[in-house]
1. Give the calculated FRET efficiency between Ala52 and Glu20 to the nearest 0.05, with a Förster radius of 25 Å applied to their Cβ-Cβ distance.
2. Run the quick spin-label model on Met1 and Lys108: label points 7 Å from Cα toward the beta carbon, then report their separation in nm to one decimal.
3. Between Asp60 and Gln9, what is the spin-label point distance in nm, taking each point 7 Å from the Cα along the Cα→C-beta axis?
4. Once the Cβ-Cβ distance between Gln69 and Gln100 is put in as r, and R0 is 22 Å, what FRET efficiency do you end up with, to the nearest 0.05?
5. At 0.36 nm per residue, and after removing the present C-alpha to C-alpha distance, how many nm does the segment from Arg115 to Gln148 gain when stretched out fully?
6. Just to confirm a number: summing +1 for Lys and Arg and -1 for Asp and Glu over residues other than Lys114 whose beta-carbon lies under 15 angstrom from that of Lys114, what do you get?
Amino acid sequence: MTALEFAIQMELDGEKYYLEQAEKNKDNNLYTVFKILADEERVHAEILEKHAKEIEYEMDESAAYTEFQNVFVSLDDFNVETKAAPDQLDGYRLALQKEQESIDLYEKMLAEAKRDEDRVLFEFLVEQEKIHYQVFDDIIQHLIKAEQWVEDAEFGRRMEEY
């Protein structure tokens, strides 16, 4: 399997994972974020496939972070929704790890790229995966803060403003 074929499969695996996460979050606002991420991973796979076949393709910027910010305008709703499923944090940490693996792979492919069009593609994919990484890092931070807020409220401690 070539690095390009591996990257395509990785993107398709990411799509599948995010669709599973969307299903697990169908009753809360994260559903939209996961659907967007799944769509973007599919598009990345299609771009890589077209690149491999030397077919023209377009590279559109990610909408995931903007949508993520819209979802978290009100953290109060998020606190209630996430308290019911504490194991979600592990799923988000796994997604964060997978996004880092994607960044690492595309940075390696960028370093090895010989043609300008290859470098442009891999720079684009590195930036897209960094956006996805940031989404999950922010979700994790919000969950941790929500959990700490509940613990602090329970024991009468308020160390930090949320």
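No value in this document is a laboratory result; all are computed from the given coordinates. Just so you know, these numbers come straight off a predicted model, no measurement behind them. Note that we place each Cβ from the backbone using ideal geometry, even for glycine, and neighbour counts take in every protein chain shown.
1. After rounding to 0.05, the efficiency reads 0.40.
2. Distance between label points: 1.2 nm.
3. My value for the distance between the label points is 2.9 nm.
4. That pair, Gln69 with Gln100, gives E of 0.55.
5. This chain segment gains 7.0 nm when fully extended.
6. -3
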